[in-house]
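**Q** Once you've had a glance at the structure underneath, I'll fire off some questions.
The values are calculated or read from the model by the stated rules, or taken from the named source; none is laboratory data. Every value quoted in this text rests on a predicted model; they were computed, and no experiment measured them. Here the Cβ positions follow ideal geometry from the backbone for every residue, glycine too, while neighbour counts run over all protein chains shown. Areas reflect the complete protein model, heavy atoms only, side chains present, ligands, DNA and RNA absent. Shrake-Rupley method; radii C 1.70, N 1.55, O 1.52, S 1.80 Å.
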Amino acid sequence: MKPILILSLFGAACAAQGLDYIKAHYTKYEYRIAMRDGKKLFTSVYLPKDAVARSDASQKYPIMLDRTPYNVGPYGVDNYKAALGPSEKFAKEGFIFVYQDVRGRYLSEGEFRDMTPHLDQKRGPQDVDESSDTYDTIDWLIKNLPDNNGNVGMWGISYPGFYTAAGIIDAHPALKAASPQAPITDWFVGDDFHHNGALYLPHMFRFFAGFGHPRPVPTVPQPAAAPANLPDAYSFFLSLGPLSNINEKHFKNDVAFWTQMTQHPDYDEFWQARDLRRHLKNIKPAVMTVGGWFDAEDLFGALNTYKEVEKNSPGANNMLVMGPWFHGGWARGDGDVLGAVRFGSKTSQFYRDEIEFPFFDHWLKGKPDPKLPEAYVFETGTNQWRREDAWPPRDAQPKSLYLHPDGKLSFETPKESAAFDEYISDPSKPVPYIGGQAPGMTREHMVEDQRFASTRTDVLTYQTDELTGDVTFSGPLAPSLFVSTSGTDSDWVVKLIDVYPEDYPNPDPNPLGLHMGGYQQLVRGEIFRGRYRNSFSKPEAFVPGKMEKVEYVMPDIDHCFRQGHRIMLQIQSSWFPLADRNPQKFVDIYNAKAADFVKATERVYRSASAASCVRVRVRTAGAGR
């Protein structure tokens, strides 16, 4: 999925800049830059042509660096990209643009390692990681590229966002500003392929089917194999059976990282070494981390990159930008709509022109300080940008939404002495994650109408009365569930939903025939694999029928539930095929057999002594506007 995304991001900018403009204003060069261990990384450089449309021929330019595993093509000094930089304003303003194939990808030498582990201590030239490769690259660039002003900026989306975040660790002094955008930070806890230990099945499958095959020698991109024909991912993955069939029927032992995943089913040293968060310390460059509230891939990475830099680098110039975007949506398009949900303005264009470009222009060219806030966040529901001096906002107070009888939900604690709701979870009939068919993981599921799920007997639904005033949640959500299962393992999915009034107007025009009255908009959903309730590293079976506490943190939101709406929670034990099926039997799921998948009776308790709830942060009415 991600290579397709990156190509489409470049394509989106093409119309704005265009091949003719780039050729007229830039000259392309190609270099093989030696790293400290002698390996050479292929690097494309676009230098401004001073003589063309420049008023000052002696001007020096800062460098914008993008390191990527997705290729820097087109290759050859006469073959140009049709768009440069994060947005068209950069190419028009004038920067030196540098694109690099990371170690072991395409025309770069060395061994590629997914999510390269960071080495805090490097004892010699053979101890290399993405931080050292970035340092060596920048050192070469500022010493060898003509007309550079000695200032370097980095940016990257998704996997390139990981390389940007890695580059700010032990950074070269010339690296003045960096923007990790949807950066991968942890592939087990919250980014991409696992959420709290549960495998994000279609996303993993589509990505590694194209990206995961070996590249034995440096080579230019080869035509990608056609992805599996998945007209309906639900049926495809259900008929596939246990996860072991992925390798036997599709990957054929040719996707090394899939094999590694199956050998490390828990959060052991393999995964911990690939957790970049713990290394984000003593950061010197100015950092602007960017993410989308509806990014199905790396929302976790954006929020946690900002939080870790904030916590471990006091005094760093560190800011967060969060908008109503899908993965990479801030870099293209208008950002005014996702699925059936509209945001009232061109949020992506605003970000590119009023936030991203002024940030780099200031730090790299010395232009006036744009006075950007600590956190520039878009509040959905009211559809407005908010400038915050902290994230989460200081005025967001902790409260809890409790489950009550008859599907009621409120901030009042329950008073029953003993109470629970239950359902039967059947792995052969898992709860779908969307109401229709799709070939894989959709962008729109992040705001999907949940009315289809409310009708299922294996989904518990709770909602408040109509709100008499606006209620705004800002910050993380934290389910705290008292549960039991008749099996020995179970997943728990919690969904926070905004229920629109029955008389909510349809869009005008309405070419899709949307019915928005009573729409149940997903605001945030997250799964947790129950075996990890006490430790991601040491899974534990459930004792059938024994009540246990399951607590976890869901990614932040900034959403206003408007007057006349309702707040809804749904709780279920499958979310298919977005997440793989839990057999509900405590076994190694990667090697589970068909017979291991069993029905289980799941209980969620809601008594005074076992008060299941979701902890939220509620803003003071009218604050921060």
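**Q** Wholly within the stretch 430-543, which strands (runs of 3 or more DSSP E) include no fewer than the required count, namely at least 3 residues that are open to solvent by less than 30 Å² (accessible area, probe 1.4 Å) and farther than 28 Å from Y376 by Cβ? Before you say what the answer is, go through the steps one by one.
**A** On the way: elements: 460-463, 471-485, 491-499, 520-529.
The strands (runs of 3 or more DSSP E) meeting that bar are 471-485, 491-499, 520-529.
**Q** So for the stretch 560-575 (the condition being in a loop (DSSP other than H, G, I, E, B), touching a Pro at 6+ places or on another chain (Cβ under 6 Å) and open to solvent by 10 Å² or more (accessible area, probe 1.4 Å)), does at least one residue qualify? Steps first, please.
**A** The initial filter retains those residues of the stretch 560-575 that are in a loop (DSSP other than H, G, I, E, B), namely 562-565, 573-575.
From the residues that got through so far, the ones that are touching a Pro at 6+ places or on another chain (Cβ under 6 Å) too are 564, 574.
Then drop every residue that is not open to solvent by 10 Å² or more (accessible area, probe 1.4 Å), which leaves 564, 574.
Yes, there is a match, as at least one residue in the stretch 560-575 is in a loop (DSSP other than H, G, I, E, B), touching a Pro at 6+ places or on another chain (Cβ under 6 Å) and open to solvent by 10 Å² or more (accessible area, probe 1.4 Å).
**Q** Still on this structure, I have one more. What pairs can you find where one residue is in the stretch 552-567 and more than 20 Å from V377 (Cβ to Cβ), the other is among the small types (G, A, S) and at pLDDT 95 or above, and their Cβ atoms are less than 6 Å apart, with a gap of 6+ or different chains?
**A** Sorted first by the residue in the stretch 552-567, then by its partner, the pairs are Q563/G469.
**Q** In contact (Cβ under 8 Å) with a residue 40 or more places away in the chain, part of a strand (DSSP E or B), of a type outside the set (G, A, S) and surrounded by 21 or more Cβ atoms within 10 Å (Cβ to Cβ), is that true of E422? Spell out how you get there, then give the answer.
**A** Working: in contact (Cβ under 8 Å) with a residue 40 or more places away in the chain: yes; part of a strand (DSSP E or B): yes; of a type outside the set (G, A, S): yes; surrounded by 21 or more Cβ atoms within 10 Å (Cβ to Cβ): no.
Against the criterion (in contact (Cβ under 8 Å) with a residue 40 or more places away in the chain, part of a strand (DSSP E or B), of a type outside the set (G, A, S) and surrounded by 21 or more Cβ atoms within 10 Å (Cβ to Cβ)), E422 does not qualify.
**Q** Which of the numbered conditions does V616 fail, given that it passes all the others? Conditions: (1) open to solvent by less than 70 Å² (accessible area, probe 1.4 Å); (2) part of a loop (DSSP other than H, G, I, E, B); (3) among the β-branched types (V, I, T).
**A** Exception for V616: condition (2).
**Q** Being open to solvent by less than 20 Å² (accessible area, probe 1.4 Å), of a type in the set (D, E, K, R) and touching a residue at least 24 places away in the same chain (Cβ under 8 Å): is that true of E602 here? Step through it out loud before you land on a result.
**A** On the way: open to solvent by less than 20 Å² (accessible area, probe 1.4 Å): yes; of a type in the set (D, E, K, R): yes; touching a residue at least 24 places away in the same chain (Cβ under 8 Å): yes.
Spelling it out, E602 is indeed open to solvent by less than 20 Å² (accessible area, probe 1.4 Å), of a type in the set (D, E, K, R) and touching a residue at least 24 places away in the same chain (Cβ under 8 Å).
**Q** Of the residues P231, P218, P214, which is in contact (Cβ under 8 Å) with a residue 12 or more places away in the chain, in contact with a strand residue (DSSP E or B) (Cβ under 9 Å, 6 or more places away or on another chain) and open to solvent by 30 Å² or more (accessible area, probe 1.4 Å)? Show your work before the answer.
**A** Working: P231 fails: in contact with a strand residue (DSSP E or B) (Cβ under 9 Å, 6 or more places away or on another chain); P214 fails: in contact with a strand residue (DSSP E or B) (Cβ under 9 Å, 6 or more places away or on another chain).
Exactly one of P231, P218, P214 is in contact (Cβ under 8 Å) with a residue 12 or more places away in the chain, in contact with a strand residue (DSSP E or B) (Cβ under 9 Å, 6 or more places away or on another chain) and open to solvent by 30 Å² or more (accessible area, probe 1.4 Å), namely P218.
**Q** Considering only the stretch 298-323, state which residues are open to solvent by less than 20 Å² (accessible area, probe 1.4 Å) and either under 26 Å from W258 (Cβ atoms) or not in a strand (DSSP E or B) (or both).
**A** Within the stretch 298-323, the first condition is being open to solvent by less than 20 Å² (accessible area, probe 1.4 Å), and the residues that meet it are 298-299, 301-303, 305-306, 309, 313, 318-323.
Hits for the stretch 298-323 are D298, L299, G301, A302, L303, T305, Y306, V309, S313.
**Q** W293 is checked against (1) open to solvent by 20 Å² or more (accessible area, probe 1.4 Å); (2) closer than 30 Å to Q384 by Cβ; (3) of a type in the set (F, W, Y) and fails just one. What number does that condition carry?
**A** In the conditions (1) open to solvent by 20 Å² or more (accessible area, probe 1.4 Å); (2) closer than 30 Å to Q384 by Cβ; (3) of a type in the set (F, W, Y), W293 misses (1) alone.
**Q** Here is a follow-up. Among the residues of the stretch 581-599, how many are open to solvent by 50 Å² or more (accessible area, probe 1.4 Å) and either modelled with pLDDT under 95 or not β-branched (V, I, T) (or both)?
**A** The first filter runs over the stretch 581-599 and keeps only residues open to solvent by 50 Å² or more (accessible area, probe 1.4 Å), leaving 585-586, 588, 591, 593-595, 598-599.
Still in the running and either modelled with pLDDT under 95 or not β-branched (V, I, T) (or both): 585-586, 588, 591, 593-595, 599.
The number of residues fulfilling the criteria is 8.
**Q** Condition first: among the charged types (D, E, K, R), out of contact with any Phe, Trp or Tyr (no Cβ under 6 Å at 6 or more places or on another chain) and in contact (Cβ under 8 Å) with a residue 40 or more places away in the chain. Now tell me which residues in the stretch 104-146 satisfy that.
**A** E109, D120, D133, D136, listed by residue number.
**Q** Which of the residues that make up the stretch 341-356 are open to solvent by 20 Å² or more (accessible area, probe 1.4 Å) and in contact (Cβ under 8 Å) with a residue 60 or more places away in the chain? Give the derivation first.
**A** Quick first cut of the stretch 341-356, residues open to solvent by 20 Å² or more (accessible area, probe 1.4 Å) only: 342, 344-346, 349-350, 352-354.
Selection gives R342, R352, D353.
**Q** Might you let me know whether the stretch 274-290 holds any residue that is charged (D, E, K, R), in contact with a strand residue (DSSP E or B) (Cβ under 9 Å, 6 or more places away or on another chain) and touching a residue at least 60 places away in the same chain (Cβ under 8 Å)?
**A** Step one: of the stretch 274-290, the residues charged (D, E, K, R) are 274-275, 277-278, 281, 284.
From the residues that got through so far, the ones that are in contact with a strand residue (DSSP E or B) (Cβ under 9 Å, 6 or more places away or on another chain) too are 284.
Going one step further and asking which of them are touching a residue at least 60 places away in the same chain (Cβ under 8 Å), we end up with 284.
Yes, that holds for at least one residue.
**Q** Restrict the check to the stretch 136-154 and report whether at least one residue is at pLDDT 95 or above, touching a Pro at 6+ places or on another chain (Cβ under 6 Å) and open to solvent by 20 Å² or more (accessible area, probe 1.4 Å).
**A** Scanning the stretch 136-154 turns up at least one residue that is at pLDDT 95 or above, touching a Pro at 6+ places or on another chain (Cβ under 6 Å) and open to solvent by 20 Å² or more (accessible area, probe 1.4 Å).
**Q** Is it true that some residue in the stretch 29-45 is more than 33 Å from the chain's Cα centre (by Cα), surrounded by fewer than 22 Cβ atoms within 10 Å (Cβ to Cβ) and modelled with pLDDT under 95?
**A** No, that holds for no residue.
**Q** Another question, if that's okay. Mind checking whether some residue in the stretch 158-165 is within 30 Å of D588 (Cα to Cα), in a helix (DSSP H, G or I) and aliphatic (A, V, I, L, M)?
**A** For the stretch 158-165, residues within 30 Å of D588 (Cα to Cα), in a helix (DSSP H, G or I) and aliphatic (A, V, I, L, M): absent.
**Q** Working only within the stretch 110-136, note down all residues that are in a loop (DSSP other than H, G, I, E, B) and among the hydroxyl-bearing types (S, T, Y).
**A** T116
**Q** Count, please, the residues in the stretch 427-457 that happen to be more than 28 Å from D192 (Cβ to Cβ) and either in contact (Cβ under 8 Å) with a residue 60 or more places away in the chain or basic (K, R) (or both). Spell out how you get there, then give the answer.
**A** Taking the stretch 427-457 and keeping what is more than 28 Å from D192 (Cβ to Cβ), we get 451, 454-455, 457.
Filter once more, keeping what is either in contact (Cβ under 8 Å) with a residue 60 or more places away in the chain or basic (K, R) (or both): 451, 454.
Qualifying residue count for the region: 2.
**Q** Looking at R394, R387, can you tell me which residue is open to solvent by 40 Å² or more (accessible area, probe 1.4 Å), within 22 Å of K311 (Cα to Cα), in contact with a strand residue (DSSP E or B) (Cβ under 9 Å, 6 or more places away or on another chain) and part of a loop (DSSP other than H, G, I, E, B)? Walk me through it before giving the result.
**A** On the way: R387 fails: part of a loop (DSSP other than H, G, I, E, B).
Criteria check complete, one pass: R394.
**Q** Against the condition touching a residue at least 60 places away in the same chain (Cβ under 8 Å), at positive phi and either in contact with a strand residue (DSSP E or B) (Cβ under 8 Å, 6 or more places away or on another chain) or of a type outside the set (G, A, S) (or both), how does G328 come out, does it pass? Even if it seems obvious, please write down each step before you answer.
**A** Details: touching a residue at least 60 places away in the same chain (Cβ under 8 Å): yes; at positive phi: yes; either in contact with a strand residue (DSSP E or B) (Cβ under 8 Å, 6 or more places away or on another chain) or of a type outside the set (G, A, S) (or both): yes.
Yes; evaluated as a whole, the condition is true for this residue.
**Q** Only one of L84, L107 is in a loop (DSSP other than H, G, I, E, B), farther than 30 Å from F350 by Cα and of a type in the set (A, V, I, L, M, F, W, C); which? Working first, answer last.
**A** Working: L84 fails: farther than 30 Å from F350 by Cα.
Of the residues listed, the single one that is in a loop (DSSP other than H, G, I, E, B), farther than 30 Å from F350 by Cα and of a type in the set (A, V, I, L, M, F, W, C) is L107.
**Q** While we're looking at this one, here's another question. Restricting the search to the stretch 501-534, which residues are touching a residue at least 12 places away in the same chain (Cβ under 8 Å), over 30 Å from D470 (Cα atoms) and out of contact with any Ser or Thr (no Cβ under 8 Å at 6 or more places or on another chain)?
**A** Scanning the stretch 501-534 gives R529, R531, Y532, R533.
**Q** Please give the number of the condition A375 fails out of (1) within 17 Å of I567 (Cβ to Cβ); (2) surrounded by 14 or more Cβ atoms within 10 Å (Cβ to Cβ).
**A** (1)
**Q** Could I ask something else about it? Kindly list the number of the only condition in (1) surrounded by fewer than 17 Cβ atoms within 10 Å (Cβ to Cβ); (2) at positive phi; (3) in contact with a helix residue (DSSP H, G or I) (Cβ under 8 Å, 6 or more places away or on another chain) that fails for P370.
**A** Status for P370: all satisfied but (2).
**Q** Does L578 satisfy being at pLDDT 95 or above and not in a loop (DSSP other than H, G, I, E, B)?
**A** Working: at pLDDT 95 or above: yes; not in a loop (DSSP other than H, G, I, E, B): no.
The answer is no for L578.
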